[in-house]
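Encoded as structure tokens, the structure appears first; notes follow it.
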Amino acid sequence: QPPAPQHYQPFQQLPQQPQHQPFAQQGAQASQQQQQHAQQHAPQLQQQQSFGGAPYGGNNGSVATQGGGMMGGGARPGQQQATPNRAQNRGGPGAAPNACIDIASLSPYNGKRWKIKGRIITKSDVRKFNGARGPGQLFKIEIADGSGAEIAATFFGTGVDQYFDQLKTHQVYYFSGGSIKQGNPKWDRSPCVITFDQGTCIEEAEDDTAIPGLSYSFQSLAQIQQGEKDSIVDLKGVLSEVRPCVQITLRDGKIRPKRSLIIWDNSGPEGSSHIEFTVWGERAEKEDFPQESPIFIKGARVGEFNSMKSLNNVGSTVVSFEAPPAAGPAATQELLQAWSAMGQPAPPPAMRGGGGGKRASIQEVQDENMRLGPAPIPGQPLDPSSAPSVHRHVLLGTITTVFTERPPYYPACNQQVDDGKGKTRACNKKLSDEGNCWRCVSGHQCEQPNYRYLLRARLADHTGTVEVSNFDEAGQKMFGCPANDLAALWDDESRNEELQKILKRPYWQRMVFSVKSQREVWQDEERVKVSAADVADEDVIKEARRKLTEIRASLCSDGDALPSSPNLGGA
């Protein structure tokens with residue numbers, strides 16, 4: 001018989017399990033637990049966050065599961081570990097103001113997730129350039145934070161248009177999102193520099209007195225002479241001499257204004273040192289430099305030529321004639337008292353040569369021109385071991401002759417062309433009359449030329465005479481009128497008397513000429529051409545002071561005691 005069918009027992013219901021709570025309620029309870037835990041263990045959590053994570057052996061990323069389990073393990077059941085806010089630790093763009101880090105903590109490893117709070121202490125002008133990718137522009141700033149650390153930052157391209165007018169010197173801002181790279185010791189004083197590009201965030205902040213303004217780390221001129229070339233230095237001294245502004249032709253053919261300043265301080269073995277500080281660009285032309293006044297310079301670059309140190313201004317160089325607040329008025333008085341006690345010493349003979357633009361007599365100019373090297377070959381690099389091919393001098397001379405066998409002007413093209421700096425200028429090349437129009441060698445045409453001065457004049461002083469070529473700026477100062485006015489009289493016989501009066505205006509004028517001497521080949525013969533880069537009227541007071549300084553230097557070289565009064569004992 002088949003086995004009897006087996007009957008199963010009825011299904012027994014298991015004990016009812018607690019129902020799961022909705023996710024929203026779970027999250028609320030977890031949040032309450034996390035807040036309670038953070039309040040109980042606040043010191044430990046702060047210590048963990050200060051190191052950017054959990055203590056050694058901990059698990060910073062664990063998530064508690066229901067029933068006491070732990071994904072990633074390490075915490076007790078029912079306990080959640082607090083995760084530090086890494087964006088705040090790194091000072092990211094979204095961090096609060098109190099999440100800012102110090103400038104000293106910046107490094108290329110920060111990437112772009114950082115934020116600093118600082119004051120703009122210097123701001124350069126916009127500089128145009130032509131690179132491999134075409135024309136571009138940039139400007140630089142220097143930022144200081146509450147710790148006193150400083151860092152340089154550069155804006156390129158569209159960043160210049162966006163931020164140049166917005167950013168103001170001496171104001172405080174939040175900066176984030178720039179690229180950080182190692183600084184070049186040749187150009188930068190800070191170990192790192194910032195490049196602000198896309199993704200940069202700059203927000204204006206309230207003024208913070210804890211962030212210092214412009215600070216100086218002064219070095220004496222004797223220390224600078226012993227220091228390294230291309231270093232960036234701060235200095236203070238007395239502006240002993242201001243030389244005229246001259247126009248320098250660069251290797252690429254561009255013309256740039258240059259002015260040399262001679263600075264003195266009471267350092268060195270003899271208690272007297274001088275150094276030449278060169279100012280370039282618009283600052284050399286427009287700024288007023290009060291002679292024999294204290295001067296304070298931040299961020300000048302050290303150069304060297306013939307084993308002699310000199311200084312150059314860069315885009316972020318700051319020149320001030322007022323003592324910084326930290327030094328106070330006492331710094332100004334100390335400099336002036338030391339300057340007066342030393343008898344207002346003149347620069348050493350090495351700084352009086354033609355290369356520096358020092359005042360010279362005509363005989364000295366001619367003697368130095370005998371040692372001129374050959375003219376540089378276009379496109380060839382200069383040989384630093386060869387004799388200089390250009391001498392520059394400043395001389396005080398009297399105009400005895402203006403050569404007028406032919407018109408002292410020429411018809412110039414007034415077509416506007418690019419000057420390579422993002423601006424335009426007149427072509428100024430000589431025009432030829434083609435009957436119905438005027439044309440220059442560049443193919444520009446115009447109906448009416450603009451006349452410009454081009455003339456030769458003979459100068460004289462107590463040592464000799466020299467012929468100097470003069471251009472439009474010098475001609476206007478000599479004749480006292482534009483070349484167009486003179487051209488309108490030249491062929492008008494009815495106004496000959498008026499013409500002769502204008503032509504005689506330069507005669508016997510005593511003027512200061514900044515001249516450049518250079519060898520050239522003219523009609524298969526080599527000659528030395530002397531041309532005036534700038535002409536100025538004689539300042540009688542400055543000339544008297546200069547001669548007084550030379551007399552004092554001469555007495556000092558003879559070993560005689562110098563009188564303490566500034567007028568040589570009533571002389």
- Item | Which numbered condition PRO294 fails, given (1) surrounded by 18 or more Cβ atoms within 10 Å (Cβ to Cβ); (2) under 19 Å from PHE129 (Cβ atoms) | (2)
- Among the residues of region 130-144, which ones are assigned to a strand (DSSP E or B) and either among the charged types (D, E, K, R) or on the phi > 0 side of the Ramachandran plot (or both)? GLY134, LYS140, GLU142
- Report those strands (runs of 3 or more DSSP E) wholly inside region 197-263 carrying at least 2 residues which are among the aliphatic types (A, V, I, L, M). 232-242, 246-249
- Message: Any residue at all in region 482-496 that's part of a loop (DSSP other than H, G, I, E, B) and either surrounded by 14 or more Cβ atoms within 10 Å (Cβ to Cβ) or touching a residue at least 60 places away in the same chain (Cβ under 8 Å) (or both)?
- Response: yes
- Message: Restricting to region 345-390, give me the number of residues that are modelled with pLDDT of 65 or more, of a type in the set (D, E, K, R) and surrounded by 12 or more Cβ atoms within 10 Å (Cβ to Cβ).
- Response: 4
- Note on the structure: TYR451 passes all but one of the listed conditions (1) over 19 Å from LYS529 (Cβ atoms); (2) assigned to a loop (DSSP other than H, G, I, E, B); the exception is number (2)
- Of all the residues that make up region 421-466, how many are hydroxyl-bearing (Ser, Thr, Tyr) and open to solvent by less than 20 Å² (accessible area, probe 1.4 Å)? 1
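Residues checked against (1) on the phi > 0 side of the Ramachandran plot; (2) among the β-branched types (Val, Ile, Thr); (3) within 39 Å of the chain's Cα centre (by Cα); (4) at pLDDT below 50:
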{"site": "GLU525", "(1), (2), (3), (4)": "no, no, no, no"}
{"site": "LYS529", "(1), (2), (3), (4)": "no, no, yes, no"}
{"site": "ASP534", "(1), (2), (3), (4)": "no, no, yes, no"}
{"site": "ASP539", "(1), (2), (3), (4)": "no, no, yes, no"}
{"site": "GLU550", "(1), (2), (3), (4)": "no, no, yes, no"}
{"site": "CYS556", "(1), (2), (3), (4)": "no, no, yes, no"}
{"site": "ASP560", "(1), (2), (3), (4)": "no, no, no, yes"}
- Query: Checking PRO506 against (1) at pLDDT below 90; (2) assigned to a loop (DSSP other than H, G, I, E, B), which test does it fail?
  - Reply: (1)
- Any hit, region 160-170, residues being in a strand (DSSP E or B), open to solvent by less than 60 Å² (accessible area, probe 1.4 Å) and at pLDDT 90 or above: no
- Message: I'd like to know if region 275-289 contains one or more residues that are assigned to a helix (DSSP H, G or I) and in contact (Cβ under 8 Å) with a residue 40 or more places away in the chain.
- Response: yes
- Query: Considering only region 297-329, how many residues are of a type in the set (S, T, N, Q), open to solvent by less than 70 Å² (accessible area, probe 1.4 Å) and in a loop (DSSP other than H, G, I, E, B)?
  - Reply: 3
- Which one is most open to solvent (accessible area, probe 1.4 Å), of the residues in region 402-420 that are free of Cβ contacts under 8 Å to residues at least 60 places away in the same chain and farther than 23 Å from ILE255 by Cα? ARG406
- Item | Single unsatisfied condition, GLY268 versus (1) in a loop (DSSP other than H, G, I, E, B); (2) in contact (Cβ under 8 Å) with a residue 40 or more places away in the chain; (3) closer than 27 Å to ALA152 by Cβ | (3)
- Message: Which condition from (1) in a loop (DSSP other than H, G, I, E, B); (2) modelled with pLDDT of 80 or more; (3) open to solvent by less than 30 Å² (accessible area, probe 1.4 Å); (4) under 19 Å from LEU548 (Cβ atoms) is the one that ALA338 breaks?
- Response: (1)
- Sort out which residues of region 219-236 are open to solvent by 30 Å² or more (accessible area, probe 1.4 Å), under 19 Å from the mean Cα position of the chain (by Cα) and modelled with pLDDT of 90 or more, and write them in order of number. LYS236
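The values are calculated or read from the model by the stated rules, or taken from the named source; none is laboratory data. This structure is a prediction, so every number in the text was calculated from the model and none was measured. Because the Cβ atoms are built from the backbone with ideal geometry, glycine has one as well, and the counts that use them run over all protein chains shown. Ligands, DNA and RNA are stripped out before the accessible areas are found, and what is left, the full protein with its side chains, is counted by its heavy atoms. Shrake-Rupley method; radii C 1.70, N 1.55, O 1.52, S 1.80 Å.
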